[in-house]
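Colleague: Pasting a structure here, questions to come.
Read-outs throughout are calculated quantities, based only on the coordinates presented, and are distinct from any laboratory measurement. Values in this document were obtained by computation on a predicted structure and should not be read as measured data. Heads up, the Cβs are rebuilt from the backbone with ideal geometry, glycines too, and the neighbour counts pull from every protein chain shown.
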Amino acid sequence: MSRPSFVLIARSLIAVMAVVLTVWAQWWTAPTTSFFAGEWVRDRYLQLQTTLAPEPRILIVDIDEASLQAYGPWPWPHGRLADLAETLLGHYHARGVAFDIVLEDASDPLGEARLAALSRTGRLVLAQMFDYSSERPEPLRKGQLAGASSAHAQTAAVPATGYLANHASVVQHARQVGNLGFVPDSDGALRRLPLFTSWGGQRYPTLGVALVDCCSGPGSLVLPREAFMRVGLKRDWPAYYLVSAAEILKEEIDPASCQQCLIIVGSSSLGLGDRVTTPLAENRPGVWVHAAMTSTLLDLKAGTAPPPWPGRWIALAYALAATLVASFAFARLSALANVGLLALSAAGWMGLAFVVSRHDAEFGLTGPLATHAWLLAVGVPFHWQLTQRRSRHLFDTLRQYVAPAVVDELLRSDVKDPLTPRLRDVTTLIADMEGYTTQVEQLPVDEAAKLTRDFLDCLTGPVFTRHGTIDKYTGDGLVAFWGAPLPNAEHADLALDAAEDIVRRVAVLSAARVAAGRPPLRVRIGIDSGPAMAGDFGTQFRSVYTAVGDSVNTASRLEQAARDFPHCVIIGAGTVERAKRHQFLPLGERLLRGKEKPTQLFTLATPEAA
């Protein structure tokens, strides 16, 4: 497999996996299992949205410590509970009363008969508790189940493994019985209630559903299809109107304060052990949870709940958009910039999710965060490695043209993509061997090749020593320039230093050849300075780092003009203007090929240039 194909496949797999994480969070995660700390985040959102504004539709009658002191310890006789229910329904004109209490014993036949008569009317909702645990050695099956309902058939039911129900004498004619049982989330917190529970082919509603149905009819409430429904908890415990059972029994409360309310009788007394962990606190009365669910159902029935939004699809769309943007940006931005982009995108999702969470209680809130985490943990390092590999390839390519010291300086600099063509002020040096054809035509191939290599060494060494850039070799010569890829204020003087060194080295090589009976060597050099475009002007097949400009053409003409002078180095006016450390001899003007006006020529005022 070719490397481009591997990179494309790897990028595609990273992007696909990023989106799959959000899909997994939306459609493949169990309702009671938190994905990527999703419930923790939702709990924080819930705490920000919770209000203490009073809930006028629900009254909680609390069998508190004061009630136990006034009327004796728990359990109370069934007759006293019947007194409580009759007072609420009669004297206080409650719309409906629900007991958050299971009546297991049969020690008060008269009280049981009174409760049975009240439950037959439908305005008193009794309670039973289903068990969903599969770890009990013996299934829990106690009491007489009642209150099976065929309403809300579209809502799924959660299968139970056992139950704790009322004594048969209490519920034998009961019309509405609500379930108190629940399935905690994986962290032990209660966030959802099963709307319906299935047992023995029958469906049994939760306490809140039974209470709302008892006073308004089963058809008035449209429930979702899912078996579990999140408890709204938008009002904390202090927002509910709470009165003591003792105050009700003594009729000390103004009837107007609870008239036409739905009333739930329960206990906040720690001695009764009805305490649960919720997103708002670790220790809340269980009766509050059912009051909060009833409030949620009343909002749903009244149409005052926030309109539903497709949270799953919003999350998926955001994750997909973030992945596409990241895939586009990773190859174009630095690793640090990509980290910042992902952080900004994740923060944007957190803000959007806060709004969406009010309209969709069950979508995978942190799915897009998992997508961002995956892109950060895998996508950013992968593209960073690709960038490093490209950078190494780039600088390996650049080393073919540029002095190693310049490459090292580029690595330390902030220059981005040094091969990109840029306008620079450069000095160009063009050199070749005079009479090259004559020199090599009588030589064997291996000696001609050695002469060419030795001569090019004389040219190349001084260029790299003076931090120059090799444009190209021309068989018996080269083209080099200074001032690119990094700007250099001394580019003219450095080129002139290299020219002097080239002349000296060629003189040494020539002397050795003369001593061996070979013809002498002479180098011709043309130098000029000026603006030029320097960069990679190659194609997809071959990289060519070069400089293009009038001064480059002038340097070529000056090198050709050197054949008519005894001087090895011919210099243009642009270099003379920029040089600070060299002296020059004027050679007069000459009309160079391709020029409309004569060009002033110079040479170095040193013996080496002769």
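Colleague: Kindly identify region 429-476 as rounded, prolate or oblate by the Cα gyration tensor criterion: order the square roots of the eigenvalues as a ≥ b ≥ c, call it rounded if a/c is under 1.5, otherwise compare a/b with b/c, prolate if a/b is larger, else oblate. Write out the running numbers ahead of the final one.
Modeller: On the way: a/c = 3.00, a/b = 2.12, b/c = 1.42.
Prolate shape, in that a/c is at least 1.5 and a/b is the bigger ratio.
Colleague: Rg and Dmax of region 41-113, Cα atoms, in Å?
Modeller: Over region 41-113's Cα set, Rg and Dmax evaluate to 16.9, 51 Å.
Colleague: Can you tell me the dipole magnitude for the chain around its Cα centre, using point charges on the Cβ only (Lys, Arg +1; Asp, Glu -1), in Debye to the nearest 20?
Modeller: Using only the charged Cβ atoms, the result is roughly 1540 debye.
Colleague: Where nothing but the Cβ of Lys and Arg (+1) and of Asp and Glu (-1) is charged, how large is the charge dipole of region 82-232 around its Cα centre, in debye to the nearest 20?
Modeller: I would put it at about 520 debye.
Colleague: In the chain, once you exclude exposed trypsin sites (Lys or Arg not before Pro) (DSSP loop, at most 10 other Cβ within 10 angstrom), what's the longest stretch remaining?
Modeller: By the stated rule (loop sites, at most 10 other Cβ atoms within 10 Å), 1-224.
Colleague: Shifting gears a bit: Going by a ≥ b ≥ c, the root eigenvalues of the Cα gyration tensor, does region 412-609 fall in the rounded group (a/c under 1.5), the prolate group (a/b larger than b/c) or the oblate group?
Modeller: Judged from the Cα gyration tensor, region 412-609 comes out oblate (a/c at least 1.5, b/c at or above a/b).
Colleague: Among rounded, prolate and oblate, which fits region 151-228 when a ≥ b ≥ c are the square roots of the eigenvalues of its C-alpha gyration tensor, a/c under 1.5 means rounded, and a/b larger than b/c means prolate? Present the calculation step by step, with values, prior to reporting the outcome.
Modeller: Working: a/c = 1.68, a/b = 1.15, b/c = 1.47.
Oblate.
Colleague: Quick one: Debye curve from the alpha-carbon atoms of region 448-523 only, equal weights, vacuum; give me log10 I(q)/I(0) at q = 0.16, 0.27 Å⁻¹ to two decimals.
Modeller: Relative scattering, expressed as log10 I(q)/I(0), comes to -0.58, -1.25.
Colleague: Only bridges with both residues in region 63-302 count here: give the DSSP antiparallel percent, nearest 5.
Modeller: Percentage antiparallel, nearest 5: 50.
Colleague: Hey, what does the equivalent ellipsoid look like for the chain, semi-axes from the Cα gyration tensor as sqrt of 5 times each eigenvalue, largest first, whole Å?
Modeller: Working through the eigenvalues yields semi-axes of 97, 22, 17 Å.
Colleague: If we restrict to alpha carbons, what Rg and Dmax does region 63-302 come to, in Å?
Modeller: Expressed in Å, the Cα Rg and Dmax of region 63-302 come to 16.8, 50.
Colleague: Next question. Between residue 587 and residue 504, take the C-beta separation as r, use R0 = 35 Å, and let me know the FRET efficiency to the nearest 0.05.
Modeller: Values: r = 21 Å, r/R0 = 0.60.
The pair residue 587/residue 504 has a calculated efficiency of 0.95.
Colleague: To continue, here is another question. Provide the convex hull volume over Cα atoms per residue for region 187-310, in Å³. Don't skip to the answer; put the middle values down first.
Modeller: Details: hull volume 19.7 nm³, N = 124.
Per-residue hull volume (Cα only) is 159 Å³.
Colleague: Okay, moving on. Of 137, 486, 174, whose Cα points farthest to the positive end of the dipole of the chain (charges on the beta-carbon: +1 Lys, Arg; -1 Asp, Glu; origin at the Cα centre)?
Modeller: Farthest towards the positive pole: 486.
Colleague: Per 0.36 nm of contour for each residue apart, how much would the distance between residue 324 and residue 376 grow if the chain were fully extended, relative to their Cα-Cα spacing?
Modeller: Values: separation 52, 0.36 × 52 = 18.72 nm, distance 1.39 nm.
Separation in residues times 0.36 nm, less the Cα-Cα distance, equals 17.3 nm.
Colleague: May I ask what percent, to the nearest 5, of DSSP beta bridges between residues of the chain are antiparallel?
Modeller: DSSP beta bridges in the chain are roughly 65 percent antiparallel.
Colleague: A follow-up question, please. Quick check: the angle from helix 445-465's long axis to the longest principal axis of the chain, C-alpha only, nearest 10 degrees?
Modeller: For 445-465 against the chain, the angle is about 60 degrees.
Colleague: Residue 33 to residue 465: extension gain in nm, 0.36 nm per residue of separation minus the Cα-Cα distance?
Modeller: Values: separation 432, 0.36 × 432 = 155.52 nm, distance 6.75 nm.
Gain on stretching residue 33 to residue 465: 148.8 nm.
Colleague: Here's a follow-up. So which lysines pass the test for residue 234, namely a Cα distance under 25 Å, with those fewer than 8 places away in the same chain ruled out?
Modeller: Those lysines meeting the cut-off are 301.
Colleague: Compute the long axis of helix 286-302 from its Cα atoms, compare it with the longest principal axis of the Cα atoms of the chain, and write down the angle in degrees, 0 to 90, nearest 10.
Modeller: The angle comes out at about 80 degrees.
Colleague: While we're looking at this one, here's another question. To check my understanding: the extent here is largest minus smallest coordinate of the Cα atoms along each principal axis. What are those three numbers for region 95-196, in Å, largest first?
Modeller: Result, largest extent first: 43, 33, 22 Å.
Colleague: Continuing with the same structure: Calculate, in nm to one decimal, what residue 260 and residue 74 gain on full extension: separation in residues at 0.36 nm each, minus their alpha carbon distance. All intermediate terms of the calculation are to be shown ahead of the outcome.
Modeller: Numbers: separation 186, 0.36 × 186 = 66.96 nm, distance 2.85 nm.
Contour length minus the Cα-Cα distance gives 64.1 nm.
Colleague: I need the calculated FRET efficiency for the pair residue 225 and residue 389, taking r as the beta carbon distance and R₀ as 45 Å, to the nearest 0.05.
Modeller: Efficiency computed from Cβ-Cβ geometry: 0.30.
Colleague: What does the net charge come to around residue 220 if you take all other residues with beta carbon closer than 15 Å to its beta carbon, with K and R at +1 and D and E at -1?
Modeller: In short, +1.
Colleague: Roughly what angle does helix 3-27 make with the longest principal axis of the chain, taking Cα atoms, 0 to 90 degrees, to the nearest 10?
Modeller: The angle comes out at about 20 degrees.
Colleague: Add +1 for every Lys or Arg and -1 for every Asp or Glu among the other residues with Cβ under 14 Å from the Cβ of residue 474, and state the total.
Modeller: -3
Colleague: Okay, next question. What spacing in nm lies between the two simple spin-label points modelled at residue 169 and residue 336, each 7 Å away from Cα in the Cβ direction?
Modeller: Taking the simple label geometry, residue 169 and residue 336 are separated by 8.1 nm.
Colleague: Could I ask something else about it? Work out the FRET efficiency for residue 354 and residue 301 from their Cβ-Cβ distance, taking R0 = 30 Å, and round it to the nearest 0.05.
Modeller: On the way: r = 26 Å, r/R0 = 0.87.
So, using R0 = 30 Å, E works out to roughly 0.70.
Colleague: OK, next. Local charge sum around residue 266 (other residues, Cβ-Cβ under 9 Å, Lys/Arg +1, Asp/Glu -1)?
Modeller: Within the 9 Å Cβ shell, the charges total -3.
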